[in-house]
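*Asks:* Right, I'll just put the structure down here and ask away after.
Just so it is clear, none of the values below were taken in a lab; they were calculated from the coordinates. Keep in mind it's a predicted model, so treat the numbers as computed, not measured. Cβ: placed from backbone, ideal geometry, glycine included. Neighbour counts: every protein chain shown.
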Amino acid sequence: MGFFDKLFSKPKKQEIRTSGKNPEGFDFIKERLLLKDYLPHRGKRNSNEYFRAMPFIDFYYKFRNLDEKYLDKCIDYCYICIACLNSPDMKRDIRDGIFIPAFKRLIIIYENKKDYEKAIETARLALAYTNVNNQEDAEYYAKKMSSNMKKLFNKQTETTGK
């Protein structure tokens with residue numbers, strides 16, 4: 001391509017980065033693909049819904065800095081996954097020590113929002129679903145409960161001035 005070709009050619013379309021740590025735009029195509037897989041299972045509160053809703057947690061969390069609605073959707077899908085844990089077909093998975101990312105993600109979100117009460121409540125609930133096969137997770141949740149209780153205590157003493 002010669003100099004004049006470059007000079008008079010149409011400008012290249014600027015691509016918006018939708019992947020990586022700090023995406024510049026929302027990935028509507030990926031969302032549509034995830035929804036296509038998830039929609040037949042929506043509302044069933046069983047293992048199928050759990051495993052199809054789980055990818056949305058990381059997906060929407062990645063776009064949390066673009067718009068608050070993506071963080072809200074991430075939280076919604078965390079609660080959908082947690083609601084599925086009470087399903088009879090999830091009992092074996094829980095007994096076997098299934099990894100439940102919704103709890104960790106919610107704790108991080110609530111800590112960042114400085115909503116320590118919800119972070120403590122989430123850690124307490126996570127401990128109820130953690131078995132002896134997941135000693136590392138149990139220690140993590142117990143540590144998060146303790147640290148958030150300290151943060152909550154410090155926050156309350158700051159506001160009361162004592």
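*Asks:* Label 7 Å along Cα→Cβ of residue 65; the stretch 21-48 residues with amide nitrogen under 19 Å?
*Replies:* Under 19 Å, as judged by backbone N against the label point of residue 65, lie 21-28 of the stretch 21-48.
*Asks:* Among 44/118; 62/118; 44/91, which pairs are too far apart, with a Cα-Cα distance over 19 Å?
*Replies:* 44/118; 62/118
*Asks:* So what is the diffusion coefficient of the stretch 37-140 in µm² per second by Stokes-Einstein at 37 °C and 0.692 mPa s, using a Kirkwood Rh over Cα pairs?
*Replies:* 233 µm²/s
*Asks:* If we count every other residue with Cβ under 15 angstrom of residue 36's Cβ, Lys/Arg +1 and Asp/Glu -1, where does the sum land?
*Replies:* After counting each charged neighbour, the total is 0.
*Asks:* Could you name the aspartates and glutamates in cross-link range of residue 104, using Cα to Cα under 16 Å and dropping any fewer than eight places away on the same chain?
*Replies:* Reachable aspartates and glutamates: 58, 72, 76, 115, 117, 121, 136, 137, 139.
*Asks:* What is the sum of charges around residue 109, taking Lys and Arg as +1, Asp and Glu as -1, for the other residues whose C-beta is under 9 Å from the C-beta of residue 109?
*Replies:* Net charge around residue 109: +2.
*Asks:* Give the relative contact order (percent, whole number) for the stretch 44-162; include only Cα pairs under 8 Å separated by 6+ residues.
*Replies:* Relative contact order here is 21 percent.
*Asks:* I need to check one value: relative contact order of the stretch 92-162, counting alpha carbon pairs closer than 8 Å and at least 6 residues apart, in percent.
*Replies:* Worked out over the stretch 92-162, it gives 32 percent.
*Asks:* Still on this structure, I have one more. Among 73-80, 153-160, 43-50, how do they line up from the highest to the lowest mean number of other beta-carbon atoms within 10 Å?
*Replies:* Highest-to-lowest ranking by the protection proxy: 73-80, 43-50, 153-160.
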